[in-house]
Amino acid sequence: MLTLAQLRHRISALEGAPDLASGHPPAAPLGLAAIDAVLPWGGLPAGGLHEIRANDLRRPAPALGFAAFCLGRLALQRPGPIVWVSLRDDLYPPGLAGLGLPTDRLLLVRPARSSELLWSLEEVLRSAAVAGLVGDIDGLDFTAARRLSLATRASGVPALLLNRGPALAALLTRWRVSALPSESLFGKGVGLWRWSLTLARCRGIALVDDDQAPVWHVEVQDATGGFSLVALSQHRSSEQAGQRRAG
Amino acid sequence: MPYLSTDRLNKPANAAPDEPLAVADSGAHRRLVALNRAAERVGLRPGMSVTDALAIRPSLRLTPSQPAEEEALLRRLAEWCVGYTPYAAPDSWRETINGAGLWLDISGCAHLWGGETALLDDLLGRLGRLGFSARAAVADSAGAAWAWARFGAGGMLQPGGQRNALAALPVSALRLHPESIAALTRLGLRRIGDLYGVNRAPLAARFGSAVGFRLDQALGDIDEPLSPLRPIDALVVQRRFVTPIGRGEDVEAAVAALLPQVLRQLERRQLGVRRLLLDLFRVDAACRQISVGTSRPSRDSKALFRLLSLKMDGLDCGFGIESLSLSAIETGPLPARQTDLTAPDSSESVAQLIDGLGNRLGFPRLQRFAPAGSHLPERAVRRLPPGAIPPPEPWPFLKRPPILLSRPEAVAVTAPLPDAPPLLFRWRETLHRVRAAEGPERLAGEWWREQSPARDYYLVEDQDGDRFWLYRLGLPGEFTPARWFMHGMFS
């Protein structure tokens, strides 16, 4: 006879979900209790793919900012270099530092051709010495996504894919990001960065359709002791989403 | 190799070797520069004009001369000769004689081939089967071998026998300039032997030191160092196969067997590999080279083998590989260390990751960043090599975008006042209505560089909350209308 817990464990193993018992470091909390409570792992887990995409592909900057923020959170969790793989050359480290990314640990890998991009991503994900990876990609086919997913499961390197193309498969989470108008304290000038984050997919939570995906409105704050997200008004409460969690 | 220029042409076409063939240069007066044996037999000589040659032999086949390709072929052959000795080099003396040459310093290598004669036979036999006619000589000194191969009978010169053997050869066997040879001939000094008794002082006064110098070189009185293709202190391990191998797996297995030998020797010298070169000598006298570099000295055979095998994918073995050699051409100090069996060294595996990526993508494609004391945004970042450890210096406490366009893009802007932030701007075909703006932040050009006008930077937020970094070039009123540029995007 199997207990319910054993059955869950077996299913999650079949699904390829990272397992807290598999020896990987614990998930990296995003630092906002409302979000971390909804994620089944209590944060962004190691050993899986996370897709971050812009709500509107013509406005990619907020998604890039959220990816940089998440990479900074991952870097808090474990030592080693943090790697950013991209075909582009428009990354600006002083600005990344303003999102909490420790740029002295940043290694930028810039393949010359898109055919080398997948290889580079896989090479980085196979190295257990890396604290985290952001891959700036333009879509990936199912086989490629599956390969990366297997590589990150083997090494335990958390992989964030900043996707500018069609949606990916073999994911643990998918985030959609867009900018929100900021509010300045004095009513003049531009305030702190505000984003709308949508958890469009999350393994372990049944999200029937996009309308029911949890959405958070957050502000990035440079608080003492690190960067954090601060919740603004919410469209749907995390409790509601939590109730929809299915085993 | 007296007929290299024509052998090279005959080889692929497989034309009848007894048909006269000549290579002509491309000057105003076209002259023959090289001939094959059949062309020499009908009375043609290098230096003849093309018209004369065609009068003698109307059916002569002419091809234009391609010195660069001959040079490349000679270099490839020299690289292939590294299979005989690490000290192989192409001959660069072309003043007086046609036909290219190769230098091989076989001291200490001949016994591997069963003696000098056997080595010479093997070399000439292989070149002959490949369609290259060649003459070779072995002598005590490089100069004597040069002369004996081109003007003498070729083959072995007994140790110490060069003085007698060279005496009967013409002075042109001494690698002198044509004017010196002509002048010597006018004086009646036609043979090298004629020079033996001559007083050196008047000779030097008349011809410079070259004649005496070349004579001493030929007789072995002055040492003549060759400049080999490879660094001399490279550590080389070689393996020869009884039958040529052609499958990638076999090559990999052979490399896997050679690599520990190299590393063991390096360990004894407390060195680690910085650059490893794998030469694959093919049956058809071609040489494939695979080179891998590491970001710091390494003796990790598993990691190095992985780097090599990444580059061996899709290797063209041709008709088979008859020998291969592995050389550590760059090394660096790496003291022996006690390895910790319990915890893998994480800095070691970071170095492995960098090597793996760098060898495939090129090391300049991997970058780290550090602040570079400049207030201009595009100069505020210093790019460091991947192995460097950036100093933990903070960036200046300023609002900077995470995306900076490498080339600022012009935008059309509506601003109420010359020095006010914009109300509207059009960028990449989209109209943005500005909701909030911050600025200006005035950044003057660096006066010690070129004259460049100051820029006024504004952080603007549009109606959707997207944030941009715009600047106006020049002080208000200096340009009419003011020019605006998009430089970056905030997240």
| Estimated distance in nm for a label pair at B:R275 and B:V42, the labels positioned 7 Å out from Cα along Cα-to-Cβ | 4.9
| request: Multiply the residue gap between B:L310 and B:E330 by 0.36 nm, knock off their C-alpha separation, and tell me the result in nm, one decimal place. | output: 5.2 nm
| said: If each DSSP helix of 4+ residues adds -39,500 (n - 2.57) and the sum is divided by the residues in chain B, what number results at 222 nm, nearest 500 deg cm²/dmol? | reply: -9000 deg cm²/dmol
| remark: Of A:174-186, A:194-206, ordering from highest average Cβ density within 10 Å down gives A:194-206, A:174-186
| task | Subtracting the Cα-Cα distance from 0.36 nm times the residue separation, let me have the gained length for B:A210 to B:R426 in nm, one decimal. | result | 70.2 nm
| Using Cα atoms only, what is the angle between the long axis of helix B:4-13 and the major principal axis of chain B, expressed in degrees (0 to 90) to the nearest 10? | 70
| Using alpha-carbon coordinates, inclination of helix B:346-361 to the longest axis of chain B, degrees | 70
| query | ³J(HN,Hα) across region A:196-203 via Karplus (A = 6.51, B = -1.76, C = 1.60, θ = phi - 60°), whole Hz, x for Gly/Pro? | reply | 10, 9, 10, 8, 7, 8, 7, 5
| request: Hey, for a label at B:R407 modelled as a point 7 Å past Cα toward Cβ, could you say which residues of region A:134-172 have their backbone N under 13 Å away? | output: none
| remark: Two pseudo-spin positions, 7 Å from Cα along C-beta at B:R383 and at B:C109, lie apart in nanometres by 4.1
| query | Efficiency by 1/(1 + (r/R0)^6): what FRET value for B:A55 and B:E116, r their Cβ-Cβ distance, R0 = 35 Å, to the nearest 0.05? | reply | 0.15
| query | Per q in 0.11 1/Å, what log10 I(q)/I(0) does a Debye calculation on the alpha-carbon atoms of region A:65-215 return? | reply | -0.47
| query | How high is the FRET efficiency between B:A183 and B:A72 when r is their beta carbon distance and R₀ equals 45 Å, given to the nearest 0.05? | reply | 0.80
| said: For a Förster distance of 22 Å, can you work out the FRET efficiency between the beta-carbons of A:A5 and A:L76, rounded to the nearest 0.05? | reply: 0.15
| How big is the antiparallel share of DSSP beta bridges in the protein assembly as shown, given as a percent to the nearest 5? | 75
| message | Output the 0 to 90 degree angle, nearest 10, between the alpha-carbon long axis of helix B:210-219 and the longest principal axis computed from the alpha carbons of chain B. | response | 70
| request: Mind checking region B:246-344 for trypsin sites (Lys or Arg not before Pro) that DSSP puts in a loop (not H, G, I, E or B) and that have at most 13 other Cβ atoms within 10 Å? | output: B:R247, B:R269, B:R337
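Only the coordinates and a few stated rules stand behind these numbers; no lab work does. The structure presented is a predicted model; accordingly, all values stated were derived computationally and were not measured. A quick note on method: Cβ atoms are made from the backbone with ideal geometry, for glycine too, and the neighbour counts reach across all protein chains shown.
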